Amino acid sequence: MSFFLNTIVGTYECKVDAKGRLMMPAPLKKQLASSLQNGFVLKRSVFQPCLELYPMEEWDLMMQKINKLNRFVKKNNDFIRRFTAGVKVVEIDALGRLLVPKDLVAFSGISKDVVFSSAVNIVEIWDKDLYEKSISGEDMDFADLAEEVMGNINDDDNGIS
């Protein structure tokens, strides 16, 4: 198993059909080509009403971290149960479609228009209206958030910080 971090780039839109199938946008499918044969894990997001698509290699890395938790600590056990609730192993079919199970469609509110949004090493899958609301900044000031999250990082590698 390699520990190469595959950074995924881009935001793409598509439609969902009546059976819950999403046509994987070609540029995204190309970026995920090395993961197509191993499959993916699709799960509910912890913080947002969207889904997270993990290439299997990334899911395995996440599970290595989670397996370090002491399961005799109730909080850890509760976290593991909630984190893995509704998790599904999925594949991109020969036509480039991803079938989203009905329970995950319901959780994410996906109806017609869908957004695939890169999130470093995974892909978030959103109902388009919910995605637009999430990035509009109605409930947060992005400048304040950026300062709080990134303001203390100073690695001097690139002159940005």
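The values are calculated or read from the model by the stated rules, or taken from the named source; none is laboratory data. Just so it is clear, the model here is predicted, and its values are computed rather than measured. Accessible surface is based on the protein model in full, side chains and every heavy atom, while ligands, DNA and RNA are left aside. Shrake-Rupley method; radii C 1.70, N 1.55, O 1.52, S 1.80 Å.
Report the residue, chosen from R81, R44, R97, that carries the largest GNM mean-square fluctuation when the chain is represented by alpha-carbon nodes joined by springs under 10 Å.
Looking only at R81, R44, R97, the biggest GNM fluctuation is shown by R81.
Keeping all protein chains in place, calculate the accessible area per residue for the chain (probe 1.4 angstrom), answer in Å².
65
Just to be sure I understand: with springs between alpha-carbon atoms less than 10 Å apart, which residue in D144, D60, D129 has the highest mean-square fluctuation in the Gaussian network model of the chain?
D144
In terms of the Cα gyration tensor, with a ≥ b ≥ c the square roots of its eigenvalues, is the chain rounded because a/c is under 1.5, prolate because a/b exceeds b/c, or oblate?
Verdict is rounded for the chain.
Once you sort the root eigenvalues of the Cα gyration tensor of the range 67-129 as a ≥ b ≥ c, which label holds: rounded (a/c under 1.5), prolate (a/b larger than b/c) or oblate (the other case)?
Since a/c reaches 1.5 and a/b is larger than b/c, the shape of the range 67-129 is classed as prolate.
With an 8 Å cut-off on Cα pairs and a minimum separation of 6 or more residues, tell me the relative contact order of the chain in percent.
Here the relative contact order equals 31 percent.
Show log10 I(q)/I(0) for the range 1-72 at q = 0.15, 0.18, 0.27 Å⁻¹, two decimals, from a solvent-free Debye sum over equal Cα scatterers.
Log10 of I(q)/I(0), two decimals: -0.64, -0.89, -1.48.
Step through the table entries K68/K128; K74/K133; K43/K133; K19/K75; K75/K128; K74/K112, compare each Cα-Cα distance with 30 Å, and write down the pairs that go over it.
K68/K128; K74/K133; K19/K75; K75/K128; K74/K112
Taking a probe of 1.4 angstrom, what is the accessible area of V87 in Å², to the nearest 10?
50
Comparing K43, K15, K74, which has the greatest mean-square fluctuation in the GNM of the chain with Cα pairs linked when under 10 Å apart?
So, out of K43, K15, K74, the one fluctuating most is K74.
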